[in-house]
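See below for the structure under consideration.
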Amino acid sequence: MNNTPAKGSLACVGIGMTLGSHLSARTRSYIEQADVAFVLVSDGIIELWLQDMNKDVRSLQPYYQEGKSRMKTYRQMVEAMLTEVRAGKRVCGVFYGHPGVFAWVPHKAIETARSEGFSAHMEPGISSEDCLYADLGIDPGARGCQHYEASQFMLYRRCIDPSAWLILWQIGIAGDRTLKRFSTGEAHRQVLVDVLARHYPLDHEVVVYRAATLPFQSPRIECLALERLPLAEVGMADTLAIPPARPLEADDEIRSRLAALV
Amino acid sequence: MSNVIQFLEKVGNAAQWDDVTEGKLELALAEADIEGPFRSAILNKDVAQLQVLLQQKEPVCFVIPGEEEEEEEGEEEPGEKGQLKDARCLPRVRFASRS
Ligand SMILES: C[S@@+](CC[C@H](N)C(=O)[O-])C[C@H]1O[C@@H](n2cnc3c(N)ncnc32)[C@H](O)[C@@H]1O
């Protein structure tokens, strides 16, 4: 008889953004068949919906605390999932959107599980990025599209191409170096505007975007001049979309080299 | 409560609800036994009220730091210093990290 205990495993899955609309059959079966499901979602009603899919659903929300470093919170979330994997359980980490898009926790959990010899898998989901393309009618291939986490964008010098789209994530905490806040305000967003003003005119129109999380909800699509961003109401789930401010610039040298090839 | 969630799932699931008339929505709510304040919140598309009725507040949804804090002492990043136990934990793509 084989007495080896069942080996734990981890699947980090994405349930998409909107309740009932984006969950794939495969993701649902990962959730239903798990011994324990840890959930981190952006809408409390979605958390209620998930509670019906597995008998052991555990919210990761209690790890968040204003004044506590989010880095510590994230590590604790990883540890909570890994503890159950090490105990031999089939663990499912259930994340809103896509679990691998602007999401440290699922990537770290999978990396750690694999480094300890456990099987770990990421199942993609429909990200807020996907909803943004659909709701704003943007094709990232048309002009190119750059994505940055807002604080990282402020803290490091980046080579921005103002002839492409620029999408900034987590603008609700733009410029927070403490990692201990759930929101930053007008002064922090003014610094963000000053950084953006290196590349964009202050009257350039930008979009504060929030995808619907409930089926009958409409997305937030608020257009405003860049200079008005500090005074705008910006929440945890808002994303900033900045349209191209310049036309594409032809590279004449490369064009003539290519012309010489034909 | 669970009939409300099931109803939302049904609406989220199918395209026919996109431009449903108020009359049809009222009928569907009655069939799902959804009454009183839940019924009016859904009919009015009042998400804030629905959150209140279901006793939910906006969860925190940040899952990434803009800038990674130093690891606490003694902790080691998996994948560093030849500690790999399994080749599958190697990052799939290598890139330059901070200078
Ligand atoms: C840590 S990231 C997680 C993103 C998530 N993994 C995804 O696939 O959408 C959190 C940020 O995602 C964006 N986000 C989250 N919910 C959103 C929504 N409903 N609409 C638009 N952007 C959203 C915001 O920029 C938010 O600050």
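The values are calculated or read from the model by the stated rules, or taken from the named source; none is laboratory data. Note that this is a predicted model, so its numbers are computed, not measured. Neighbour counts are summed over all protein chains in view; Cβ atoms, including those assigned to glycine, are modelled from backbone coordinates with ideal geometry. These area figures cover heavy atoms from the full protein model, side chains too; ligands, DNA and RNA do not enter into them. Shrake-Rupley method; radii C 1.70, N 1.55, O 1.52, S 1.80 Å.
Observations
- For chain A, the longest principal axis of the alpha carbon atoms and the long axis of helix A:104-115 meet at an angle near 50°.
- Shape class of region A:113-213 from the alpha-carbon gyration tensor: oblate, with a/c at 1.5 or above and b/c at least as large as a/b.
- Per-selection Rg to Rh, region A:72-131 - Cα, Kirkwood hydrodynamic radius: 0.98
- Taking chain A and dividing mean pair separation by its residue count, relative contact order in percent (alpha carbons under 8 Å, at least six apart): 20 percent
- For chain A, the longest principal axis of the Cα atoms and the long axis of helix A:252-261 meet at an angle of about 80 degrees.
- Summed residue charge, Cβ within 11 Å of A:A150's Cβ, Lys/Arg positive, Asp/Glu negative: -2
- Gyration tensor verdict on region A:22-137 (Cα atoms; rounded if a/c is under 1.5, prolate if a/b is larger than b/c, oblate otherwise): rounded
- Chain pair B, A: total accessible area buried, heavy atoms, 1.4 Å probe, Å²: 4400 Å²
- For q = 0.08, 0.10 Å⁻¹, Debye-computed log10 I/I(0) when each Cα of the protein assembly as shown counts as one equal scatterer: -0.47, -0.72
- Listed residues B:C61, A:C223 arranged by accessible area, highest first, probe 1.4 Å: A:C223, B:C61
- Residues along region B:21-61 losing 10 Å² or more of accessible surface when the other protein chains are present rather than the chain by itself (probe 1.4 Å): B:I42, B:K45, B:V47, B:L50, B:Q51, B:L54, B:Q56, B:E58, B:P59, B:V60, B:C61
- Accessible area of A:H107 in the full protein assembly, 1.4 Å probe (Å², nearest 10): 90 Å²
- Each listed q (0.13, 0.26 Å⁻¹) maps to a log10 I(q)/I(0) for region A:118-174, found by the Debye formula over equal Cα scatterers with no solvent: -0.45, -1.11.
- Distance between region A:37-63 and region A:207-261 - C-alpha centres, whole angstrom: 32 Å
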